[in-house]
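As structure tokens, the structure follows; a few thoughts come after it.
The values are calculated or read from the model by the stated rules, or taken from the named source; none is laboratory data. All figures in this text were calculated on a predicted structure; none of them were measured in a lab. Virtual Cβ from ideal backbone geometry, glycine too; neighbours counted across all protein chains shown.
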Amino acid sequence: MYKLIIRRILFQFDPEKIHYFTFSLIKFLCKIPFVPSVFKYLYQVNDKRLEQKLFGLTFKNPVGLAAGFDKNAVLYNELANFGFGFIEIGTVTPKGQSGNPKKRLFRLKDDEGIINRMGFNNEGLEAAILKLKKNKGKLIIGGNIGKNTQTSEENYTSDYKICFQGLHPYVDYFVLNVSCPNVDSHAKLNDKNYLIELISACQELNNKEDKQKPILLKIAPDLNNYQLDEIIELISETKIDGVIASNTSISRNNLKASKSRLDHIGNGGVSGKPIKNQSTKVIQYLSDKSNKSFPIIGVGGIHSAKDALEKIKAGANLVQIYTGFIYEGPGLIKKINKAILKNL
């Protein structure tokens, strides 16, 4: 029903506008007394065998929602009804910012992908905290954090520390987003020495808390083997808790969309099916080369249960969806969880 009817209607409208319309619709529907129970019946798979213990946390199932969908922690309580095992909010920056100029979100229908150059648009740290105070404890919440666009180089770490301290009481794990192609300062944020400085600063804050929260690093799918070796060394040196592989890609290889269409769209990160294989290769390389020495959350191009199982077989401990959720609908979560049970 979703792909035959609902998606066809939604895809008639501007992607960013329909995103917020859908948020409002889900919010409204979940206020109707019986509707959350209907969603749970249709989409949730509750089975103890799906539980995953990782980073000292117990995930009720290994299928999560990637950052970028619920940037401002507006809908996580309602989205929990669709069967996710965890939801990652953000990217959150210290101050609210509007992001890049619109139009900045584009569907690649023939490729079943998306190009975005949102630019960390979000309402800021304080707004996220207010929303997270309404957490009903339905599932694990991750906090994806970044820096403000206007922040000068010498203050990058300060931005991450502000977000880390502010969100610490309200999220279950943290993700340092240093790989988004839609913000400036890629060079510094991907420099190994700087990453050691950034991770160490967050770990120092973490160690001062009564309860430490896991810290993960989100990396790009475009890294070469030398750069991936550096990531493995970085994890070994800093003892960071794990990696999310991967973010969106700047590559335009093997897309069905025409050159003129891509030229018209311009810059932005590609997500969805076009990056599925590259994301899986990154997971496989990290897992094999490190001898599975750290946890990996696999994300990128998961549009089916088969795609998710490929990520897990490659070395992912958990998986996240985003673009697949938009193209396939909430039934995808149930299909993945059922396939995992079948393949236990």
Is it the case that V171 is over 19 Å from F86 (Cβ atoms) and part of a loop (DSSP other than H, G, I, E, B)? no
I'd like the full set of residues that are in a loop (DSSP other than H, G, I, E, B) and under 23 Å from the mean Cα position of the chain (by Cα), limited to the stretch 224-265. N224, K239, I240, D241, S246, N247, T248, I250, S251, R252, N253, L255
Could you go through the stretch 212-219 and let me know if any residue there is farther than 27 Å from R104 by Cα, surrounded by fewer than 19 Cβ atoms within 10 Å (Cβ to Cβ) and β-branched (V, I, T). no
Qualifying position, being crowded, with 22+ Cβ neighbours inside 10 Å, of a type outside the set (A, V, I, L, M, F, W, C) and touching a helix residue (DSSP H, G or I) at 6+ places or on another chain (Cβ under 7 Å), among Y194, Y160: Y160
Which of the residues belonging to the stretch 330-340 are farther than 14 Å from K313 by Cα and aliphatic (A, V, I, L, M)? L332, I333
Would you list the strands (runs of 3 or more DSSP E) that sit entirely within the stretch 47-90 and hold 2 or more residues that are surrounded by fewer than 21 Cβ atoms within 10 Å (Cβ to Cβ) and out of contact with any Lys or Arg (no Cβ under 8 Å at 6 or more places or on another chain)? 52-54, 57-59
Would a scan of the stretch 292-308 turn up a residue that is closer than 18 Å to L217 by Cβ, surrounded by 15 or more Cβ atoms within 10 Å (Cβ to Cβ), free of Cβ contacts under 8 Å to residues at least 60 places away in the same chain and among the hydroxyl-bearing types (S, T, Y)? no
For the stretch 139-157, which residues satisfy the criterion of being buried (at least 16 other Cβ atoms within 10 Å of the Cβ), farther than 14 Å from C202 by Cα and either of a type in the set (V, I, T) or in contact with a helix residue (DSSP H, G or I) (Cβ under 9 Å, 6 or more places away or on another chain) (or both)? L139, I140, I141, N148, T149, T151
Set L176, L217: member being modelled with pLDDT of 95 or more, farther than 19 Å from K95 by Cβ, not aromatic (F, W, Y) and not in a loop (DSSP other than H, G, I, E, B): L217
Looking only at the stretch 2-14, decide whether some residue is part of a loop (DSSP other than H, G, I, E, B), of a type in the set (S, T, Y) and either in contact with an Asp or Glu (Cβ under 8 Å, 6 or more places away or on another chain) or touching a residue at least 60 places away in the same chain (Cβ under 8 Å) (or both). no
Out of all the residues in the stretch 96-142, which are part of a strand (DSSP E or B), touching a Ser or Thr at 6+ places or on another chain (Cβ under 9 Å) and farther than 27 Å from L10 by Cα? G124, I140
Criterion (in contact (Cβ under 8 Å) with a residue 12 or more places away in the chain and under 16 Å from G143 (Cβ atoms)) met by exactly one of G90, G85: G90
So, first residue at pLDDT 95 or above in the stretch 328-344, second residue in a loop (DSSP other than H, G, I, E, B) and of a type in the set (D, E, K, R), Cβ within less than 7 Å, six or more apart or across chains; the pairs are L341/D47
Filter result for the condition that a residue is within 18 Å of the chain's Cα centre (by Cα) and either more than 18 Å from E16 (Cβ to Cβ) or surrounded by 16 or more Cβ atoms within 10 Å (Cβ to Cβ) (or both), over L108, L132: L132
For residues that are acidic (D, E) and either loosely packed, with under 12 Cβ neighbours inside 10 Å or without any contact (Cβ under 8 Å) to a residue 60 or more places away in the chain (or both), tally how many sit in the stretch 15-39. 0
Qualifying residues in the stretch 150-168 (those that are assigned to a helix (DSSP H, G or I) and among the hydroxyl-bearing types (S, T, Y)) - the one farthest from N247 (Cα to Cα): S158
